[in-house]
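Structure first, commentary second.
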Amino acid sequence: ERGSVKARALEDLPRTLNTGYLAEDANVYLTEDGFYQLKEDKTKGINPFEKGKLAIDPMRSIVFGNDLKTMAEDAAKDFDAMYLADKVQVDMRLKFVGLFHRPTTTYGRFMLRIRLPNGIISAPAMKYLGELIAKYGEDGCADITTRQN
């Protein structure tokens, strides 16, 4: 015993994040493929951005699925058709992989956000970034800025 709090054995402690434990009163449930999904009765009154994430889970479709590859192939053929088919996929879900589409300012072009720990990049990584820009950038241009967060 420590002070007024009893010491408990590890196996007696409640299971928490990423252990498979889900409280009975949780707002989510675990799907068959191992993702957490918001319960239907908890989706009332949420904003359009969150509704888009609920319609097709970005982690499931883009990060762990083939949607990014399919979108790239479709965009190479006809970006307008691909964009009109699912604006939410382009404008919202791609943010989960660091791609930002700004339809009112740079329609059909994307900003890629990459995180550099402490703002430091090695020479080989910078060279590779330059090669990517030359290969995929319409005008071979990149803006490199810093952010505090």
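The values are calculated or read from the model by the stated rules, or taken from the named source; none is laboratory data. The structure displayed is predicted, hence computed values, not measured ones. Heads up, the Cβs are rebuilt from the backbone with ideal geometry, glycines too, and the neighbour counts pull from every protein chain shown. Accessible surface is based on the protein model in full, side chains and every heavy atom, while ligands, DNA and RNA are left aside. Shrake-Rupley method; radii C 1.70, N 1.55, O 1.52, S 1.80 Å.
Some points to look at:
- Residue within the range 29-37 that is open to solvent by less than 50 Å² (accessible area, probe 1.4 Å), assigned to a strand (DSSP E or B) and touching a helix residue (DSSP H, G or I) at 6+ places or on another chain (Cβ under 9 Å) present: yes
- When Glu40 is tested against the conditions (1) at pLDDT below 80; (2) open to solvent by 60 Å² or more (accessible area, probe 1.4 Å); (3) more than 25 Å from Met111 (Cβ to Cβ), the lone failure is (1).
- Top-ranked residue in the range 98-113 [being open to solvent by less than 50 Å² (accessible area, probe 1.4 Å), within 21 Å of Asp57 (Cβ to Cβ) and not small (Gly, Ala, Ser); ranked as farthest from the chain's Cα centre (by Cα)]: His101
- Residues (within 27 Å of Val90 (Cβ to Cβ) and either acidic (Asp, Glu) or more than 21 Å from the chain's Cα centre (by Cα) (or both)) located in the range 19-56: Asp33, Glu40, Lys42, Lys44, Gly45, Glu50
Listed here are the residues, each with its yes/no results for (1) modelled with pLDDT under 85; (2) not basic (Lys, Arg).
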| residue | (1), (2) |
| --- | --- |
| Tyr36 | yes, yes |
| Ala55 | yes, yes |
| Thr70 | no, yes |
| Leu84 | no, yes |
| Lys127 | no, no |
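- Pick from the range 116-129, criterion without any contact (Cβ under 8 Å) to a residue 12 or more places away in the chain and not aliphatic (A, V, I, L, M), ranking: least open to solvent (accessible area, probe 1.4 Å): Ser122
Listed here are the residues, each with its yes/no results for (1) assigned to a helix (DSSP H, G or I); (2) free of Cβ contacts under 8 Å to residues at least 12 places away in the same chain; (3) not β-branched (Val, Ile, Thr).
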residue: Gly45; (1), (2), (3): no, yes, yes
residue: Phe49; (1), (2), (3): yes, no, yes
residue: Leu54; (1), (2), (3): yes, no, yes
residue: Ser61; (1), (2), (3): yes, no, yes
residue: Leu68; (1), (2), (3): yes, no, yes
residue: Lys77; (1), (2), (3): yes, yes, yes
residue: Met82; (1), (2), (3): yes, yes, yes
residue: Leu94; (1), (2), (3): yes, no, yes
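- Residue match in the range 78-91 (condition: surrounded by 10 or more Cβ atoms within 10 Å (Cβ to Cβ) and over 25 Å from Gly52 (Cα atoms)): no
- Selection of the range 64-77 for residues being open to solvent by less than 40 Å² (accessible area, probe 1.4 Å) and among the small types (Gly, Ala, Ser) yields Gly65, Ala75.
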